[in-house]
Amino acid sequence: MRVIAAQGPVRLSLRSIEQGRTEIASLTVGVSQPAGAASVWQLRIESRFDAQGVVRELGRLDTSPPSWGQPPTKIVAIATVPGTVDWFVQVERSYVDRSGGVVLPEDDSIEIDLSANQDCGEPGLFVPQAAAQAVGARYRYQAGALPAGASQVLLAAGTSVQTIQAYQIGTGGQIRIGLGALLPLPPNGSVQFGPQGTLLGPGVVSFSAFPVGGGGYLIETLA
């Protein structure tokens, strides 16, 4: 899809239902600019989970334009989040590098290609070196369904947990983070905790007494 700078921020999507799938675990983002183009574009990449339609940001990146010696057409990001139903990419021109010479009008547009990647790599946002630069924090997510009864989710060593969210379909479900107290979930509802980096792996998040309808969880960590 072609994005023009004058449009301002444009939000593109790749939806599983349009691909005949139930989920799209991995996304590849490609861009194409005119040869010699000097515009730098910022992309914000988000994933939507089936669990109550929650949308989370993986990270942001600035593209490297052809005027910096980069190919006009290239892959700038590969994002992997198991359990993702839909992907969203917000595109906006960040700035124009006028140090390389004349800036042409066609520099103010970019072609964006979003494609489902069949081979899932390590969860997170991968930005190829030189093709683009990550801006700010990048995040990883663990998400999945919770069966009736008791279950656990393991937090890997070195994990810096930002938020933990869980929901249940029915009543009676409880959650315990590490060695903390058992906390009840609201009937047919969800609860979210925000350790914001104060909880570090390795660790365990435990779920107990979940109803027959089960539920789901979403854990956000820093990459």
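So here's what we get for this one:
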quantity	calculated
Entirely in the range 1-56, the strands (runs of 3 or more DSSP E) that have 2 or more residues that are of a type outside the set (A, V, I, L, M, F, W, C)	10-15, 26-32, 39-49
Conditions (1) part of a loop (DSSP other than H, G, I, E, B); (2) surrounded by 14 or more Cβ atoms within 10 Å (Cβ to Cβ); (3) touching a residue at least 40 places away in the same chain (Cβ under 8 Å); (4) not polar (S, T, N, Q): number failed by Ile164	(1)
Candidate set from the range 103-124 (those that are at pLDDT below 70 and in contact with a Ser or Thr (Cβ under 6 Å, 6 or more places away or on another chain)); member that is farthest from Arg11 (Cα to Cα)	Cys120
Among (1) more than 22 Å from the chain's Cα centre (by Cα); (2) surrounded by fewer than 18 Cβ atoms within 10 Å (Cβ to Cβ) - the single one Arg11 does not satisfy	(1)
The range 195-221, residues that are among the hydrophobic types (A, V, I, L, M, F, W, C), more than 12 Å from Val161 (Cβ to Cβ) and either in contact with a Phe, Trp or Tyr (Cβ under 7 Å, 6 or more places away or on another chain) or buried (at least 22 other Cβ atoms within 10 Å of the Cβ) (or both)	Phe207, Phe210
Filter result for Phe193 (under 25 Å from Arg140 (Cα atoms), at pLDDT 90 or above and not hydroxyl-bearing (Ser, Thr, Tyr))	no
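The values are calculated or read from the model by the stated rules, or taken from the named source; none is laboratory data. What you see is a predicted model; the values in this text were computed from it and never measured. Because the Cβ atoms are built from the backbone with ideal geometry, glycine has one as well, and the counts that use them run over all protein chains shown.
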